[in-house]
Amino acid sequence: MSIITPELIRNCKRCSHELAPGALVCDQCHALVHSAKLDELAAAAKRFEAMGDARQAREHWLMGLPLLPPNSRQANWIQDHARSLDADANRIQSAPPSENKWARKLGPVGPIAVLLAKSKVLLTAIFKLKFLLSFVAFIGIYWAAFGMVFGIGFAVLILIHEMGHFIDIKRRGLPAEMPVFLPGLGAYVRWQAMGVPLETRAAISLAGPLAGFFATVACAALWWQTGNPLWAALARAGAVLNLLNLIPVWVLDGGQAVLALSKTERIVLLTACLALWLVLGENMFFLVALGFGYQVFFAGHLPARPSRATAVYFALVLAALGVMIRLMPSVGPGN
């Protein structure tokens, strides 16, 4: 197994406080000194897990142990996860005798069964089928409610939102499944967030509304070019949907992103929402502000390492969606 020797870092990258020789945690702001290297190792380990290489994934997770305080929560999680990966690797290694037993029992079709059991192509096809079937059912709900053209367009806007999450997860080298749609309710992307920093989780959560904003820009451009009010209706509906998804509560995207923010950053975003409500005259910003109010005064969880970049990202997406809603005329799907 490879061993990492911690590099000598003299000052905390977060607060610039001078560090003691060999320190793993800043005693001023409690930030992990080697957080960048730990993120790099975690991303590599998750890539190996996605490829099914449990031993390489285990090795990369364990390489991070010298960079963590021995009794920290992160170190304990890595040790538990490494044991789990070791068990997975041993189970895979002992699989051939079992496969041969089933091959004998199944007779002539045994080799085909073993091949299918090993095949990742089959699993991929099943996941894609789940995605396609759920998306077709999703389109059917909105088609019945709003007509064919608007129904399909609105479903595609939600697809683009979910693909924003999916693409951002995959570009970071993390495993993720294709979106699954729940007709009449919404959609989600399943991925493994264990061991991923809060700032990264927040960025992935905000990637959906950002992709949704760009989709509304495309609809707005088509409206300006054609004058067809259908495109304006889609642009406004898409912007409203993505803005509501930024309310920082429960499982909404905003509720996941706010976990990376300090109390001060939540107050700043609360103030920004109230300002956007007054300037743009869109009452939905008051709902988002109420969510931030709850997060400021009642939510107990605050991150050890809050992310100012997440606060800026959150504010920009809120403002962009607000401007889009303000610019689009309020027309119904059938107009």
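The values are calculated or read from the model by the stated rules, or taken from the named source; none is laboratory data. Bear in mind that the values here come from a model prediction, so they are computed numbers and not experimental data. Positions of Cβ are backbone-derived with ideal geometry, glycine not excepted, and every protein chain shown enters the neighbour counts.
For the stretch 42-96, how many residues meet the condition of being among the β-branched types (Val, Ile, Thr) and modelled with pLDDT of 80 or more?
Taking the stretch 42-96 and keeping what is among the β-branched types (Val, Ile, Thr), we get 78, 92.
Restricting the remaining residues to those that are modelled with pLDDT of 80 or more gives 78.
Count: 1.
Tally the residues that are in a loop (DSSP other than H, G, I, E, B) and either of a type in the set (S, T, N, Q) or in contact with a helix residue (DSSP H, G or I) (Cβ under 8 Å, 6 or more places away or on another chain) (or both), restricting the search to the stretch 8-22.
Taking the stretch 8-22 as the starting set, the residues that turn out to be in a loop (DSSP other than H, G, I, E, B) are 8-10, 12-17, 19-22.
If we keep only those that are either of a type in the set (S, T, N, Q) or in contact with a helix residue (DSSP H, G or I) (Cβ under 8 Å, 6 or more places away or on another chain) (or both) as well, we get 13, 16.
Number of matching residues: 2.
Yes/no per residue for (1) without any contact (Cβ under 8 Å) to a residue 40 or more places away in the chain; (2) buried (at least 21 other Cβ atoms within 10 Å of the Cβ); (3) outside the structural domain of Asp53 (by TED's automatic domain parsing); (4) out of contact with any Asp or Glu (no Cβ under 7 Å at 6 or more places or on another chain):
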{"residue": "Phe154", "(1), (2), (3), (4)": "no, yes, yes, yes"}
{"residue": "Glu162", "(1), (2), (3), (4)": "no, yes, yes, yes"}
{"residue": "Arg172", "(1), (2), (3), (4)": "no, no, yes, yes"}
{"residue": "Met178", "(1), (2), (3), (4)": "no, no, yes, yes"}
{"residue": "Gln192", "(1), (2), (3), (4)": "no, no, yes, yes"}
{"residue": "Arg201", "(1), (2), (3), (4)": "no, no, yes, yes"}
{"residue": "Ala211", "(1), (2), (3), (4)": "no, yes, yes, yes"}
{"residue": "Ala221", "(1), (2), (3), (4)": "yes, no, yes, yes"}
Count of the stretch 161-192 residues which are more than 8 Å from the chain's Cα centre (by Cα) and more than 17 Å from Leu133 (Cα to Cα): 11
Per-region count, the stretch 203-222, residues under 18 Å from the mean Cα position of the chain (by Cα), of a type in the set (Val, Ile, Thr) and under 20 Å from Met284 (Cβ atoms): 0
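Can you tell me which of Ala319, Ala304, Ala299 is within 23 Å of the chain's Cα centre (by Cα) and part of a helix (DSSP H, G or I)? Break it down into steps so the answer makes sense when it comes.
Details: Ala304 fails: part of a helix (DSSP H, G or I); Ala299 fails: part of a helix (DSSP H, G or I).
Exactly one of Ala319, Ala304, Ala299 is within 23 Å of the chain's Cα centre (by Cα) and part of a helix (DSSP H, G or I), namely Ala319.
In the same structural domain as Leu157 (by TED's automatic domain parsing), among the aliphatic types (A, V, I, L, M), touching a Gly at 6+ places or on another chain (Cβ under 8 Å) and surrounded by 14 or more Cβ atoms within 10 Å (Cβ to Cβ) - does that describe any residue in the stretch 292-315?
Residues of the stretch 292-315 that are in the same structural domain as Leu157 (by TED's automatic domain parsing), as a first pass: 292-315.
After this cut, where a residue has to be among the aliphatic types (A, V, I, L, M) as well, the list is 296, 299, 302, 304, 309, 311-312, 315.
Narrowing the set further to residues that are touching a Gly at 6+ places or on another chain (Cβ under 8 Å) leaves none.
No, the stretch 292-315 contains no residue that is in the same structural domain as Leu157 (by TED's automatic domain parsing), among the aliphatic types (A, V, I, L, M), touching a Gly at 6+ places or on another chain (Cβ under 8 Å) and surrounded by 14 or more Cβ atoms within 10 Å (Cβ to Cβ).
Please verify whether the stretch 261-270 includes one or more residues that are of a type in the set (Asp, Glu) and under 25 Å from Val33 (Cα atoms). Write out each step before concluding.
Narrowing the stretch 261-270 to residues of a type in the set (Asp, Glu): 265.
Narrowing the set further to residues that are under 25 Å from Val33 (Cα atoms) leaves 265.
Checked against the condition, which is being of a type in the set (Asp, Glu) and under 25 Å from Val33 (Cα atoms), the stretch 261-270 yields at least one hit.
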Residue match in the stretch 23-44 (condition: in contact with a helix residue (DSSP H, G or I) (Cβ under 6 Å, 6 or more places away or on another chain), of a type in the set (D, E, K, R), crowded, with 17+ Cβ neighbours inside 10 Å and closer than 17 Å to Pro175 by Cβ): no
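Condition first: more than 23 Å from the chain's Cα centre (by Cα) and buried (at least 16 other Cβ atoms within 10 Å of the Cβ). Now tell me which residues in the stretch 223-267 satisfy that.
Those that are more than 23 Å from the chain's Cα centre (by Cα) and buried (at least 16 other Cβ atoms within 10 Å of the Cβ): Trp223, Pro229, Leu230, Trp231, Ala232, Ala233, Leu234, Ala235, Arg236, Ile267.
Considering only residues of the stretch 261-312 that are of a type in the set (Ser, Thr, Tyr) and in contact (Cβ under 8 Å) with a residue 60 or more places away in the chain, which is farthest from Pro197 (Cα to Cα)? If you could, list the steps in order and put the result at the bottom.
Quick first cut of the stretch 261-312, residues of a type in the set (Ser, Thr, Tyr) only: 262, 264, 271, 294, 307, 310.
Next cut, in contact (Cβ under 8 Å) with a residue 60 or more places away in the chain only: 307, 310.
On the way: Ser307: 10, Thr310: 12 Å.
The extreme case among them is Thr310.
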